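Participant: Below is a structure I'd like to ask you about.
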Amino acid sequence: MIRSLPNSKAYTWSFHVFVILYFVFLFAPLLVTCVLAFNDSNFPSLPWNGGTLDWFFSPGPKRVGIFHDAQNLRSIMVSFETAVIVSILCVVVGTCTAFAFEQEKFPFKNVLYFLMLAPLVIPGVILGISQLLGATTAGMFAEKHLGVDVPFFRPSFWLVVLGQFSFITTFVALVVSARLRKFDRSLEEAALNLGATRFEVIRLITLRFLRPSIIGAGAVAFLMSFENFNTTLFLVGSQPTLPINLYLQVRDGSTPVINAISFLLIVGTSGLALVNLYLNRKES
């Protein structure tokens, strides 16, 4: 819709209907999932049989709520630990990468920039398979020629961290770099002329200007790591993350505890998004 041009009532009405249908299509499944988390039924689907909190708090034995389900709680903790480590690594490396690409004399900038964007166009399945094959090949080489068994090269927690870090860092670098390009370099020059060291300029001026984008990029990295499935599926070991664990439960058939987990995730991610939005507005 072009606001500067006159539009007929039919066009305006159809446009509004399209927007409404789009958001209904987007949020209706989420709303149904949240409602079914409180359904008094042993199946994670309709019909509605009344309200209950069993899928959250029931200790068993007939029904086991999420807060008493050791397997799901363990997978949530694994996903949380993975997301925290990945987001910290991505923020540090991504911010340093953004600084590097803003340097005029940085060699091979275009080539390295292209390589940094490569993980975004490679499907997650291909990325996970290639990383698994690369780690397996490196592990077999170390064992055959060096006589050393390196557990890191086997599917494990740290291989998942490395796999997610390899492509999530790109998002952080792009977000921080976009805000860094709006930075007024004269502020750094003024601070240097007044006697500040280079480290003080970066810490007190540049990073303070970048704080909203760093916080936002960190939140995005956390959520991307927490919900990642494609890459993690090929790298996970004996400690499955929450998406992998939910996939196994849905494949084999499960109870509405999946809906309860989904409800908690929707509420948690929505709260994190609101906090991030509030902090960004406060900083700006």
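Participant: Anything in the range 48-96 that is in a loop (DSSP other than H, G, I, E, B) and surrounded by 18 or more Cβ atoms within 10 Å (Cβ to Cβ)? List them, or say none.
Facilitator: Within the range 48-96, 58, 65, 69 qualify.
Participant: While we're here: In this structure, is residue 130 in a helix (DSSP H, G or I) and surrounded by 13 or more Cβ atoms within 10 Å (Cβ to Cβ)?
Facilitator: yes
Participant: Out of the residues in the range 67-113 that are among the hydroxyl-bearing types (Ser, Thr, Tyr) and under 22 Å from residue 175 (Cα atoms), which is nearest to the chain's Cα centre (by Cα)?
Facilitator: First pass over the range 67-113, keeping only residues among the hydroxyl-bearing types (Ser, Thr, Tyr): 75, 79, 82, 87, 95, 97, 113.
Remaining after also requiring under 22 Å from residue 175 (Cα atoms): 82, 87, 95, 97, 113.
On the way: 82: 10, 87: 8, 95: 17, 97: 19, 113: 22 Å.
Per the stated criteria, the residue is 87.
Participant: I've got another one for you. Select from the range 102-154 the residues that are in contact with a Lys or Arg (Cβ under 7 Å, 6 or more places away or on another chain) and closer than 14 Å to residue 236 by Cα and list them in ascending order.
Facilitator: Passing the criteria: none in range.
Participant: Follow-up. Any residue in the range 179-192 that is buried (at least 21 other Cβ atoms within 10 Å of the Cβ) and in contact (Cβ under 8 Å) with a residue 40 or more places away in the chain? So that I can check it myself, show each step before the final result.
Facilitator: Within the range 179-192, the subset buried (at least 21 other Cβ atoms within 10 Å of the Cβ) is none.
No, every residue in the range 179-192 fails to be buried (at least 21 other Cβ atoms within 10 Å of the Cβ) and in contact (Cβ under 8 Å) with a residue 40 or more places away in the chain.
Participant: Now, a different point. Taking the residues in the range 223-243 that are among the hydrophobic types (A, V, I, L, M, F, W, C) and within 12 Å of residue 159 (Cα to Cα) as candidates, determine which candidate is surrounded by the most Cβ atoms within 10 Å (Cβ to Cβ).
Facilitator: The qualifying residue surrounded by the most Cβ atoms within 10 Å (Cβ to Cβ) is 235.
Participant: OK, next. So for the range 145-164 (the condition being surrounded by 18 or more Cβ atoms within 10 Å (Cβ to Cβ), of a type in the set (Val, Ile, Thr) and out of contact with any Leu (no Cβ under 9 Å at 6 or more places or on another chain)), does at least one residue qualify?
Facilitator: Taking every residue of the range 145-164 in turn, none turns out to be surrounded by 18 or more Cβ atoms within 10 Å (Cβ to Cβ), of a type in the set (Val, Ile, Thr) and out of contact with any Leu (no Cβ under 9 Å at 6 or more places or on another chain).
Participant: For the structure I just gave you, tell me whether residue 99 is of a type in the set (Phe, Trp, Tyr), over 20 Å from residue 179 (Cα atoms) and in contact with a Ser or Thr (Cβ under 9 Å, 6 or more places away or on another chain).
Facilitator: Working: of a type in the set (Phe, Trp, Tyr): yes; over 20 Å from residue 179 (Cα atoms): no; in contact with a Ser or Thr (Cβ under 9 Å, 6 or more places away or on another chain): yes.
Here the answer is no, as residue 99 does not meet what is asked.
Participant: Follow-up question, since we're still on this one. Is it true that residue 257 is surrounded by fewer than 14 Cβ atoms within 10 Å (Cβ to Cβ) and under 24 Å from residue 81 (Cβ atoms)?
Facilitator: So residue 257 does not fit the description; no.
Participant: Collect the residues in the range 246-274 that are more than 21 Å from residue 29 (Cα to Cα) and in contact (Cβ under 8 Å) with a residue 40 or more places away in the chain, keeping them in residue-number order.
Facilitator: If the condition is that a residue be more than 21 Å from residue 29 (Cα to Cα) and in contact (Cβ under 8 Å) with a residue 40 or more places away in the chain, then no residue fits.
Participant: Within the range 164-262, considering only helices (runs of 4 or more DSSP H) that don't extend past its boundaries, which have at least 1 residues that are out of contact with any Gly (no Cβ under 8 Å at 6 or more places or on another chain)? If you could, list the steps in order and put the result at the bottom.
Facilitator: On the way: elements: 185-193, 198-201, 207-227, 230-235, 242-252.
Filter on the range 164-262 gives 185-193, 198-201, 207-227, 242-252.
Participant: Now for a different question. On the basis of being assigned to a loop (DSSP other than H, G, I, E, B) and either closer than 29 Å to residue 225 by Cβ or modelled with pLDDT under 85 (or both), does residue 4 make the cut?
Facilitator: yes
Participant: Still on this structure, please answer the following. Can you run down the residue pairs with Cβ atoms below 9 Å, 6 or more apart or on separate chains, where the first is in the range 9-38 and over 30 Å from residue 260 (Cα atoms) and the partner is surrounded by 12 or more Cβ atoms within 10 Å (Cβ to Cβ) and of a type outside the set (A, V, I, L, M, F, W, C)?
Facilitator: Once the first residue is over 30 Å from residue 260 (Cα atoms) and sits in the range 9-38, its partners that are surrounded by 12 or more Cβ atoms within 10 Å (Cβ to Cβ) and of a type outside the set (A, V, I, L, M, F, W, C) give 15/7.
The values are calculated or read from the model by the stated rules, or taken from the named source; none is laboratory data. Worth saying up front: this structure is predicted, and the values here are computed from it rather than measured. Using ideal geometry, Cβ is built from the backbone for each residue, glycine included, and neighbour counts are taken over all protein chains shown.
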